[in-house]
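This report refers to the structure that appears directly beneath it.
The values are calculated or read from the model by the stated rules, or taken from the named source; none is laboratory data. Just so it is clear, the model here is predicted, and its values are computed rather than measured. No Cβ is skipped: glycine too gets one built from the backbone with ideal geometry, and neighbour counts run over all protein chains shown. Ligands, DNA and RNA are stripped out before the accessible areas are found, and what is left, the full protein with its side chains, is counted by its heavy atoms. Shrake-Rupley method; radii C 1.70, N 1.55, O 1.52, S 1.80 Å.
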Amino acid sequence: MAVSPTFSQPVSSATRTKPLSSRRAGKESGRSWVRLTMAVLATIGLIDTGSITAKRWGWIGSSQLIFRGVMTVLLVGLLGLGWAASADQPFAQSGRAAPAVISASSPAKIALAEHLSSVGARVFTAYWCPHCHDQKEAFGKEAAAKLLVIECAEDGANSQAQLCKQQGVQGYPSWQIKGVVDSGVKPLNTLADLSGYTGPRDF
């Protein structure tokens, strides 16, 4: 399947376009904070109910202190669970991740991806760039995983933004093959020609 070589996402548009993946990530983070707030409120209610019950039964002195200590432990535990939920996002530790590639790869596509990596070819991308995702989908899941992908977004997972600047990347995706950087989505046959690939071409 041929992919149009004319599409490229310029670097300057990063501040003008917010990707769907970012909005989804933001919503998921917001939901996590909602869960955290609900957990805190529920625990406070539990403590209040417990205090009323303790007073009704006449718990005093050391028994009351023990009861309050148990309630405090429960509160801390729920806060911990809420915090873990809010932190459990793809971008929490290493940055925002690009959407997953779902198309399947043919043996020829896998062979091309392996060849590109073996000759040092690499593709500069940004996690929010739809054309970058299109390029990966053209390879398919298995083949795309073998490519040398450089993340250029500063808040992207495993970002190498400084390298992108050093290489003069002006748009996404940009391919660097044999030292030459060229932006735009490339048909697989074009990548094969540029890199000297001699394997099967039933892409």
**Prompt:** Put a dot 7 Å past each Cα toward the Cβ at S118 and D155; how far apart are the dots in nm?
**Reply:** 4.0 nm
**Item:** Fraction of accessible area attributable to carbon and sulfur, the range 118-185 (%, probe 1.4 Å)
**Value:** 46 percent
